[in-house]
1. Using alpha-carbon pairs under 8 Å, 6+ residues apart, how would you state the relative contact order of the range 83-344 in percent?
2. Any idea how far the Cα center of the range 313-364 sits from the one of the range 13-72, in Å?
3. Sort Thr19, Thr44 by Cβ crowding within 10 Å, fewest neighbours at the top.
4. According to the Kirkwood expression over distinct Cα-Cα pairs, how big is the hydrodynamic radius of the range 83-344, in Å?
5. Find out how many positive minus negative residues lie around His409, taking Lys and Arg as positive, Asp and Glu as negative, among other residues whose Cβ is under 12 Å from that of His409.
6. Run the count for the chain, please: Lys pairs, Cα-Cα under 20 angstrom, 8 or more apart or on different chains.
7. If I take R0 = 45 Å and measure r between the Cβ atoms of Cys99 and Asp254 in this structure, what FRET efficiency does the formula 1/(1 + (r/R0)^6) give, to the nearest 0.05?
8. Would you tally the net charge around Asp246, using a Cβ to Cβ cut-off of less than 12 Å, leaving Asp246 out, and scoring K and R as +1, D and E as -1?
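Each value in this text was obtained by applying a stated rule to the coordinates, not by laboratory testing. Keep in mind the model is a prediction, meaning the values are calculated, not measured. We place every Cβ from the backbone using ideal geometry, glycine too, and count neighbours over all the protein chains shown.
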Amino acid sequence: MTALPVGGPELPQRRNLVTEIPGPASRALMDRRNSTVARGVSTTLPVFITAAGGGVLLDADGNSLIDFGSGIAVTSVGNAAAAVVDRVQAQVAQFTHTCFMVTPYAGYVEVCEALAKHTPGTHAKRSALFNSGAEAVENAIKIARHYTGRQAVVAFDHAYHGRTNLTMALTAKNMPYKQGFGPFASEIYRVPMAYPLRWPDGPEACRAEALSVVKSLIHAQVGEQNVAAVIIEPIQGEGGFIVPPDGFLTGLADFCKENGIVFIADEIQSGFCRTGDWFASEHEGVVPDLVTTAKGIAGGLPLAAVTGRAEIMDAVHPGGLGGTYGGNPVACAAALGSIETMESQDLAGKARRIGEIMVPRLRKLAETHPAIADVRGRGAMIAIELTKPGTLEPDPASTAAVAAYCHAHGLLVLTCGTFGNVLRFLPPLVIGEDLLEEGLGILEDAFASL
């Protein structure tokens, strides 16, 4: 058997293209994939990875690509961070599973302790661990309904919360997430997101009006006394990295507190140092009642959590929360290694530094290319929205063309947005600044090629 290349930080940190993208080995693997993997599972860039780490991905043809995606904000600490690898290897040698609900183990408790330490607020907290972000959201809604005795849940335009039945109902975008999969869970109500670029009459009107519009709609169409929870991404992810104006989240949290509504912050994409704070809610000092986490929590292993106020979390009867694999010991070991890396390397600070490098160059790019209608985000969660110049008409075709150019030239970028017209950038927080600058140069060339 041919030895696999070494990943992690030892992988040479450079872009190097030796074939076209994708190359022959990846194309052959793609043929095998298409023969055995369901068509509904999509692929952004059809290159098959053999090693990864730092800021690069090495494919089956030997091409080394710059990574501006982090597996959708998952590998923030890198694809094979030393602390994650060491803890996972040690745990696998001990045991891979017992089920925490049958015979518990310390790793699960230690992850819950770390969540209590790092999530917003100094109040007493409890956590429950699951496998995916969608599971975390489902359970947060369960907990909120049980605690309040109410049923209604309020979500936002452009929201993404998952692909299970309940989370599809919470998710706003139809295609590809909801098309043909209904009927969906009931008692879900949608209100406008504070989306400065697309708010009627513009960003200043959004700042002045959005909160009152949301509160008025909840009052008139649902009734505050019927609402179990309001769930919101502090910075929306799949919907287009939408950043609400300062004051919106604070006012929304205050409204929930005044009306006995559980305020849920979905930090699945924005959490764990991604935005320059441990959690995006911290930017305005917002303290959610419940926080859902996944993605960046465990360096790529499947783990998710609901963390919240002790009195809310403990309202559920014993046996009401759980799952066979929730808080798997190997995933918990990975999470502890990931959190250790975030602490020791100050990855929140590195996220801020990434933003300091990226945002000025993207704004300068926007001055040259009127297709860029907005540059937004925080820390290492940055996006640009493309429209037909001089209008707010989305331009998904140019967005796809820019992404395709980047991919062909060795830069992995992701698209998102309700209209498919947003390029989002989620580089690993451990990426070298030279790779970051080189990747931005490729992006600039992509726009020049339009």
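1. 32
2. Spelled out, the Cα-based centre of one part sits 25 Å from the other.
3. With the fewest neighbours first, Thr19, Thr44 line up as Thr44, Thr19.
4. On the way: mean 1/r = 0.0534 Å⁻¹.
Result for the range 83-344, one decimal place: 18.7 Å.
5. That works out to -3.
6. 8
7. Using R0 = 45 Å, I get an efficiency of 0.65.
8. +1
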